[in-house]
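For reference, the structure discussed in these notes is given below.
The numbers here are math on the coordinates, done by the rules we state, and not lab data. If you're wondering where the values come from, they're calculated on a predicted model, not measured in any experiment. Reconstructed Cβ throughout: ideal geometry from the backbone, glycine too, with neighbour counts over all protein chains shown.
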Amino acid sequence: MLLIPVSMIILGIGFLGSGAFLIFRLLRQTLYYRVQWISYLLLIAFFILSYAGCIVYGIYYDPHCLNYWYATLFLLGGVYVYLSCNLMTNTMNKMELMDDITLRYELLKQRSTLDSLTECLTRDYLLEVLNHRFQKIKLDEGMLVILFIDMDGFKAINDNHGHDIGDKALQQFTQLLKRRLRKEDLVCRYGGDEFIVLMEHIAIEDAQKIASDIVRRARQLSQDNVQLTGCSIGIAVLNKHSSSINEVIKKADIACYAAKQKKSKNSVCLYSHALSAANHSKN
């Protein structure tokens, strides 16, 4: 008569052991919640010892504790623990897979948003940010100052001294921008030797002062005994009256071109309608 209840309890012990194995494997695979897994493992060990103790006590002392009612409870308890362990294992495995996918996505996103040479934002990401800011400006007023920066004489550096020196010059110039600009300003490599800076919550006069200081410091840069020729900067403003982002970037580009045409070069120029008219007449 005791054979069937004892077999049911032993089967419950088997389920408990299988659950313990799953938890132990999970413990070796992951660093998450180690204390909780160990506690759960100890609890399962306690259950197994209790089940085994019940069998011994029932066979040698009190057969009534080995009836079908207790045996069924023990078996169901073992099945429940096993299913819980299996569910937790599958959940943790899926969480680790999702973490891995998220990490890979973040790495890919970082590569797509940062220029590999200068570690500035890419052109595509800049346009994405500008679109978002423009929508916000339309709703909340405000404005965004855009600096269009072009390194002067960069092509001559590449032609006369090689692309390695040119790449180092770009990196050095980028470091200058990041040191001089505010932490909240965004720097983008827009083209080969062209950069765009987005400046929010700043007066035009302050933006001009920063731009002028960048121009002054750029004149002092040199790379491997090659004197860099500085830069020119055009400034335009994006506000709720702007027709489009491309229009404002074009205005900053026109202002940068005007700065290059000055006798001193290495200049800063703020966009105006007069510049636009002059640019159209030349074209």
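Spin-label pair K94-F21: with each label point 7 Å from Cα along the Cα-Cβ axis, the two points sit 2.3 nm from one another. In this rough spin-label picture, where each label sits 7 Å from Cα along the Cβ direction, the H273-S222 distance is 4.7 nm.
Once C-alpha pairs closer than 8 Å and six or more residues apart are averaged by separation and normalised to the residue number of segment 123-282, the relative contact order reads 28 percent.
One chain, two ends: Q172 and E119. Fully extended at 0.36 nm per residue, the span grows by 17.9 nm beyond their Cα-Cα distance. Electrostatic bookkeeping for I146 treats Lys and Arg as +1 and Asp and Glu as -1; over the other residues with beta carbon under 14 Å from its beta carbon, the sum is -2.
In terms of its Cα atoms, segment 110-243 spans 50, 33, 25 Å along the principal axes, sorted from long to short. Other residues whose C-beta falls under 13 angstrom from the C-beta of Y190 contribute a net charge of -3, scoring Lys and Arg +1 and Asp and Glu -1. Per-peptide packing, taken as the mean over residues of other Cβ atoms within 10 Å, places 247-253, 127-133 in the sequence 247-253, 127-133 from highest down. Between K136 and R182, the FRET efficiency estimated from the beta carbon spacing at R0 = 25 angstrom works out to 0.85.
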